[in-house]
Amino acid sequence: MRLSKSWIIAEKDFKTFRKRKNIIYTIIVVPLIVSFLLPIVIDYAGHKNGASGFPASEIITLLPAFTFFYLILAGMIPSTIASYSLVGEKVEKSLEPLLATPTTDSEILLGKGIAAFIPPIAAILGGATIFMVLMDLVTQDKLGYYFFPNWNAAIVLFLMVPLAAIMSVEWNVIVSSKVSDVRVAQQIGVLVMLPFAGIYVAGELNLIPLGVTNNLLIIAGILLVVDLLLLFVARATFRREEILTKWK
Amino acid sequence: MIETKNLTRKFGELTAVDSVSLRVEDGEVFGFLGPNGAGKTTTVRMLCCLISKTSGEARIGDYEIGNAADSLKIRKIIGLVPDNVGLYDTLSAYDNLDFYGKLYDCTEAQRKENIERFLKMLGLWEKKDVAAGTFSKGMKQKLAIARSLIHDPQILFMDEPTANLDPESSRTVRDFILDLKKEKRTIFLNTHNLDEAQRICDKIAILNTKLMAIGTTEELERSVSGRKTVIQLEQLSDAILAALKKLPVGNVAVDGNKLTIDVANPEKENAAIVEAIIRAGGHVQSVTVVGSSLEDAYLKLVREAK
Ligand SMILES: Nc1ncnc2c1ncn2[C@@H]1O[C@H](COP(=O)(O)OP(=O)(O)O)[C@@H](O)[C@H]1O
Ligand SMILES: [Mg+2]
């Protein structure tokens, strides 16, 4: 497998994304809104009715749960991109000439994966940085220390977020092989974020204490296993024979 | 050189391509002629290593179709114009080609040179920075052809490149194929248009799941069409009949002063026949060609198979 080939394909996809406003909005605007909104809400809600902000005990359970928003984004955004780029190729019927070049199926699949992975991850991590800085600014006087960065946030952002994004891409490769309408693909594709939303809710309800490092590592381990399983299925779906004779 | 031996592809119960054996020499324009559903696209896809064969053999040059190690090498030396152009609509004409050039490992200089050369040859150079999605059908087809040539392949597969084009664009595409032929490229041309095949191909194969016939246009006409030249004379004489015996023509039937002669290629042979009659002292009143043309023969072959 030659990474250079995959990168050529990813670069081509980046170029097509740039021509699509809704893709750019999804990649950049959504993480930015979340990153500014959450700290503002904390600040505003805490000082409502002349109160002096959330008590420290509440802040330290809210903030870890908030980082899980980024896990939800990691499920959602690559899904939108991947289904656009894969079903897009299908609708434009551009996979056949692409497959006729001296490029292997794995190289093409990886290229498509990179294209759907890198921009959202960059935007999510950028947004998360803004989120952490702003949160520190609005909670520092209450806590007496800067809550971020910390190990748990690092596990969420650098381990779980990429794993979730990979899962999202893989899931969408599989979905894209079955549908031929970008919007339908996106609607089904985005379902991949449901488990992450579930994790967030479970955290908020304290069913899974998300402040506990071990819990995070266990969830990351499960994501890894699911990623590997889905990789297997996605790879089997993305074979030239399948694409040209069975993809609808 | 492209060669197949009993090449077969099945889709479940359906046999799409049945035991096709053919050979295309280097530098030949090969017309692969058949109606819709004949198996042309399926054959080309097998030859381009896009789908697998069910049985039989096929080779391109020294490489074996179906051999995993050879398939990348084959794809390097061939170009494909698929039945659907498959361009990236949001990208410019230039970027569409440049992307493919990179996938074929062309250097930047090669890409620049070939993109300019082919876009100019096809009259698209002025539109190089325009998004391909805004192009007309004919322009898209030309761009897809330029794309298939970006790495300067010796062998080009074209899947019905003039289907659904207006006559003007079809003509440009045909002329361009003839230009490519001058460059000694081997062209495997799928078409359902007999006239097109006759006009630009050196050799034609008629496919209808099975290979029905193969040969040059003349060979096909001789073998399948069975045409006759009818000559009305003022007065038939033995001298005329004797003169005709010396010519390489088929059966000569006599009916009063009317001769009906079996000829493989009336366009070529009628002049010699008429000349021989005149030399023998005959007066020709009229010459007509009857019987089936290659077109009738083609339609007959195609119907027989159904
Ligand atoms: N992916 C496929 N699955 C099932 N049948 C197919 C598939 N592709 C082609 N066929 C069938 O194979 C036959 C040949 O098709 P094709 O090669 O596209 O013909 P042509 O290009 O000459 O029109 C047709 O009957 C077609 O329906
Ligand atoms: Mg076809």
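The values are calculated or read from the model by the stated rules, or taken from the named source; none is laboratory data. Please read these numbers as outputs of a predicted model, since none were measured by experiment. Reconstructed Cβ throughout: ideal geometry from the backbone, glycine too, with neighbour counts over all protein chains shown. What goes into the accessible areas is simple: the full protein's heavy atoms, side chains included, and nothing from ligands, DNA or RNA. Shrake-Rupley method; radii C 1.70, N 1.55, O 1.52, S 1.80 Å.
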>> Filter segment A:103-120 down to the residues that are crowded, with 20+ Cβ neighbours inside 10 Å and facing chain B (nearest Cβ under 8 Å) and list them by number.
In response: A:THR103
> Could you give every pair whose Cβ atoms fall below 7 Å, whose first residue belongs to segment A:168-192 and is closer than 10 Å to A:ALA82 by Cα, and whose second residue is part of a helix (DSSP H, G or I) and of a type in the set (Lys, Arg), counting only separations of at least 6 or pairs across chains?
Replying inline: A:SER176/A:LYS90
>> I'd like to know if segment B:145-155 contains one or more residues that are over 22 Å from B:LEU91 (Cα atoms), touching a strand residue (DSSP E or B) at 6+ places or on another chain (Cβ under 7 Å) and in a strand (DSSP E or B).
In response: yes
>> Only one of B:ALA109, B:ALA132 is away from ligand 1 (no atom under 16 Å from the Cβ) and either buried (at least 22 other Cβ atoms within 10 Å of the Cβ) or closer than 18 Å to B:MET158 by Cα (or both). Can you tell me which?
In response: B:ALA132
> What number goes with the only condition from (1) free of Cβ contacts under 8 Å to residues at least 60 places away in the same chain; (2) buried (at least 22 other Cβ atoms within 10 Å of the Cβ); (3) more than 8 Å from ligand 1 (Cβ to nearest atom) that B:GLY79 does not pass?
Replying inline: (1)
>> Against the condition more than 27 Å from B:TYR88 (Cα to Cα) and modelled with pLDDT of 95 or more, how does A:LEU157 come out, does it pass?
In response: yes
> Just wondering, is there one or more residues in segment B:42-57 that are of a type in the set (Ser, Thr, Tyr), within 16 Å of ligand 2 (Cβ to nearest atom) and within 24 Å of A:ASP105 (Cα to Cα)?
Replying inline: yes
>> Suppose the filter is within 16 Å of ligand 2 (Cβ to nearest atom), loosely packed, with under 15 Cβ neighbours inside 10 Å and of a type in the set (Gly, Ala, Ser); does B:GLY31 pass it?
In response: no
>> I'd like the residue in segment B:150-195 that is within 16 Å of ligand 2 (Cβ to nearest atom), among the aliphatic types (A, V, I, L, M) and closer than 29 Å to B:CYS106 by Cα and, out of all such residues, is nearest to the chain's Cα centre (by Cα).
In response: B:LEU189
>> Which of the helices (runs of 4 or more DSSP H) found entirely inside segment A:69-163 contain at least 1 residues meeting this: under 20 Å from A:ARG235 (Cβ atoms)?
In response: A:95-99, A:105-143
>> I'd like to verify a number: residues in segment B:145-166 that are open to solvent by 10 Å² or more (accessible area, probe 1.4 Å) and within 11 Å of chain A (Cβ to nearest Cβ), how many?
In response: 1
> Take the residues of segment B:41-60 that are away from chain A (no Cβ under 12 Å) and open to solvent by 20 Å² or more (accessible area, probe 1.4 Å): which is nearest to A:THR103 (Cα to Cα)?
Replying inline: B:ARG59
> For segment A:167-207, how many residues meet the condition of being more than 30 Å from A:GLU58 (Cβ to Cβ) and in a helix (DSSP H, G or I)?
Replying inline: 23
